[in-house]
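The block underneath contains the structure these notes are about, expressed in structure tokens.
The values are calculated or read from the model by the stated rules, or taken from the named source; none is laboratory data. Just so we're clear, the structure is a prediction, and the values are computed from it rather than from any experiment. Quick reminder, even Gly has a Cβ in these numbers, built from the backbone with ideal geometry, and neighbours come from all protein chains shown. These accessible areas exclude ligands, DNA and RNA; they are computed on the full protein's heavy atoms, side chains included. Shrake-Rupley method; radii C 1.70, N 1.55, O 1.52, S 1.80 Å.
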Amino acid sequence: MVPVLKTLVIMISSKRRSHAQRHLNTFKAGINYAIVGLSGSGKSTLLKLMNGMMVPSRGTVLVEDCKPDQRDRQFQKIMSRIGYIPQSLGLVRNSTVLDNVMMGALPRMRLMQFLLKRYSEEDLEEARRVLDKVGLLGKEDRKTYMLSGGEKRRVAIARAFMQGPRILLADEIVSELDGTTSREIMNLVADMQKDTRLTAVMIHHDIRLALEFADRVAVIQEGRRVMELGVDNDTILDFQSGDSTTQEILEMYDDPKE
Amino acid sequence: MTPKSNLVIGMIGALVVAGSWHIEANPGEFVDGLPNLWLLGGEVVAELAEVEYRMVDRAFWSMLETILMAFIGTMVGYALAFPMSLLASRNLTSKWVYAPMRGILAAVRTFPSIMWALLFVIMVGPGPFAGVLAITMYTLGFVAKLQYESMETIDADPMDAASSIGLSKLQIVRFVVVPESASHLLGHLLYMFDYNVRQTSILGLVGAGGIGFYIITHIKFIQYGKTAFFMLVVLITVLIVDWVSVKLRDRYVIKSQRGVVADVP
Ligand SMILES: Nc1ncnc2c1ncn2[C@@H]1O[C@H](COP(=O)(O)OP(=O)(O)O)[C@@H](O)[C@H]1O
Ligand SMILES: [Mg+2]
């Protein structure tokens, strides 16, 4: 399988902290990755590097053989197929569920279509299909601010899937939800990930959820991947750093009281 | 209170006193002038009692003209302000675009509407058209500032999310900026129309159309009663416009801002 996301030596300029180790982070196509790590370890930054919201000051990030840069024409095409759900979800509060979901289809719409919000029949059909998947069919005309936390996440997921994504990047999207709702949402994403066989990189706050839903779990520390767990056989497949901090992360996650 | 703020207050007080002396303000004259109000009041009541149909007719049509001028000026100015405010928003364009755009808008704002009216009377001749142009320019400068300020307060998260999934600037404007600032934008429109009805009422003073023409003419002929009649018409109209815009604001602006337009399924 071809590696889809390849991040080589990610480095963001920061005077106080310098995460300058040379290393290789590769995400393979079609795999559902979870990223865990202490807060401040650079998880969100890693995602932003992959969709071009941030550009590394040193080192190289490659996504589908292209350097992520939002101003680059070639990357813009790739970008429209990268579903990105930030921790805040990034929904437009005063818009309807349908308009939020349709944002995913905007890069392929014509000028008058989006200016007048005259969606094509195919786009509407696709939106209904995705909304049905996330369980929001019938709520298309609801304003987003009226929805519950779980429903808002469903809208964000629907928006990402409306893009027809090849890659899904999600940043702690279930952290604030209760256990049951988190599992519902994660099940949904896992189902859709399997359907579309996309590459998912999802940051998790809770390592239990990560182990439950991901194919592989990557532990990030100081901006780089220090190890990777294959969930199927529960063995540590990649142990690049054997230092004591890595052990501490594992131990921290072993202890439910943190 | 700190000694520093005491000093500032003292200096402001001194400036007010010195300034009043300079412009020969005399509180005595104000008190002496109070009885004149009584005389005027009597004259006004007497003249109002015998208002002719001709004057009512004039007042009605000139007030209508005033409202129309304010309406057209508000709408055209508002429509022109919108694209300019997009270009002037710091979160939507680069420094090379928003800095000059803000400069232009600041320059447009330096003129009060009556000065624009003077300019346009010279340019296109006296009449309501000059007034409409004046209101348009005033609205443009003023509303664009209100608009770009509220566009700049939009939550950055949906904008970031939108640009990171590959939406163009225009798509972001249509799907994020407009919905997120819609209630403010409508509020500005109402506010501006309200304000413009008042402003347009005096543009007639420099020959730019509207009911102000009659007010200035009757003052020139020292017909205070007739002047007062036209001013009364302005007052009543402004109260009505004010009331209607408060109602509209309550209905469409406040509610959507607080998010109480819930529909229970
Ligand atoms: N590769 C890196 N190089 C330099 N600084 C980084 C790197 N990754 C993250 N940082 C810095 O570390 C801080 C925390 O990063 P963030 O991605 O928000 O962490 P997390 O999401 O894991 O809590 C930020 O100030 C960020 O700029
Ligand atoms: Mg984070």
Using the structure shown, decide if A:GLY40 is of a type outside the set (Phe, Trp, Tyr) and not in a loop (DSSP other than H, G, I, E, B). no
Go through the stretch B:113-154 and report how many residues are farther than 14 Å from B:ILE72 by Cβ, not aliphatic (A, V, I, L, M) and not in a helix (DSSP H, G or I). 3
Anything in the stretch B:146-159 that is more than 10 Å from chain A (Cβ to nearest Cβ) and touching a helix residue (DSSP H, G or I) at 6+ places or on another chain (Cβ under 6 Å)? List them, or say none. B:LEU146, B:GLN147, B:TYR148, B:SER150, B:MET151
Given the condition in contact (Cβ under 8 Å) with a residue 60 or more places away in the chain and more than 9 Å from chain B (Cβ to nearest Cβ), answer yes or no: does some residue in the stretch A:106-119 qualify? no
Exception for A:ARG73 within (1) touching a residue at least 12 places away in the same chain (Cβ under 8 Å); (2) more than 10 Å from chain B (Cβ to nearest Cβ) falls at (1)
Are any residues in the stretch B:102-112 open to solvent by 30 Å² or more (accessible area, probe 1.4 Å), of a type in the set (A, V, I, L, M, F, W, C) and in a helix (DSSP H, G or I), and if so, which ones? B:ILE104, B:ALA106, B:ALA107
Do the conditions hold for A:ARG118, that is, is it of a type outside the set (Asp, Glu), open to solvent by 10 Å² or more (accessible area, probe 1.4 Å) and in a loop (DSSP other than H, G, I, E, B)? yes
I'd like to verify a number: residues in the stretch B:160-193 that are open to solvent by 10 Å² or more (accessible area, probe 1.4 Å) and away from chain A (no Cβ under 14 Å), how many? 5
Given the residues A:ILE173, A:ILE157, which is the only one that is away from ligand 1 (no atom under 16 Å from the Cβ), of a type in the set (A, V, I, L, M) and in contact (Cβ under 8 Å) with a residue 40 or more places away in the chain? A:ILE157
When residues of the stretch A:38-58 are filtered for being away from chain B (no Cβ under 11 Å) and either open to solvent by 40 Å² or more (accessible area, probe 1.4 Å) or under 27 Å from A:VAL101 (Cβ atoms) (or both), how many remain? 11
Considering every residue within the stretch B:42-57, establish whether at least one is of a type in the set (D, E, K, R), in a helix (DSSP H, G or I) and open to solvent by 80 Å² or more (accessible area, probe 1.4 Å). yes
Of everything in the stretch A:33-64, what is at pLDDT below 85 and away from ligand 2 (no atom under 16 Å from the Cβ)? Give them in sequence order. A:VAL55, A:PRO56, A:SER57, A:ARG58, A:GLY59, A:THR60, A:VAL61, A:LEU62, A:VAL63, A:GLU64
Has the stretch B:91-101 got any residue that is closer than 27 Å to B:SER181 by Cα, touching an Asp or Glu at 6+ places or on another chain (Cβ under 8 Å) and at pLDDT below 95? yes
State the number of residues belonging to the stretch A:65-107 that are within 16 Å of ligand 2 (Cβ to nearest atom) and buried (at least 20 other Cβ atoms within 10 Å of the Cβ). 5
